[in-house]
Amino acid sequence: VKPMTPRCTVPKAVPVGKSASLHCHENEGYPKSTYSWYRNSEPLSPDAKSNARFQNSSYTVNPTTGTLVFHAVHKGDTGRYSCIATNDAGFAKCEEQEMEV
């Protein structure tokens, strides 16, 4: 079963240096969906440290729960975030939401 459009929760504004949690979830898809996050339509690497573009970001993505956690946000983390739920039958994307740092 193809995933439904996931519900995404993105904080509107986060002070520099604070942590932020973004959530993405849907429960229609079978088999269970895995989740990937995008900032300004660019995929966020599941491992920030291994990707030069995101070296300054300290975040972790849990593809199973759909949670994206920033440990300490900085100005560069400002942007439009969206999430895609994917399984063998297809994928669905939530609306982009702005997070300001």
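Every number in this text was worked out from the coordinates using simple rules, so none of it is lab data. Predicted, not measured: the structure shown is a model, and the values here were computed from it. Neighbour counts run over all protein chains shown; Cβ positions are idealised from the backbone, glycine included.
Compute the signed sum of charges (Lys and Arg +1, Asp and Glu -1) over the other residues within less than 11 Å, Cβ to Cβ, of Glu100. Neighbourhood net charge equals +1.
Subtracting the Cα-Cα distance of Asn27 and Arg80 from 0.36 nm times their residue separation leaves 16.7 nm of extension gain. Stokes-Einstein diffusion for the chain, with the hydrodynamic radius set to the Kirkwood value over Cα pairs and evaluated at 20 °C in a medium of 1.002 mPa s, equals 158 µm²/s. Note on the chain: lysine pairs with Cα distance below 20 Å, sequence gap of 8 or more or different chains, count 8.
Sequentially through the stretch 87-101, phi angles give Karplus couplings (6.51, -1.76, 1.60; θ = phi - 60°) of 9, 4, 8, x, 8, 8, 10, 8, 4, 5, 10, 7, 10, 10, 10 Hz, Gly and Pro residues having no value and appearing as x.
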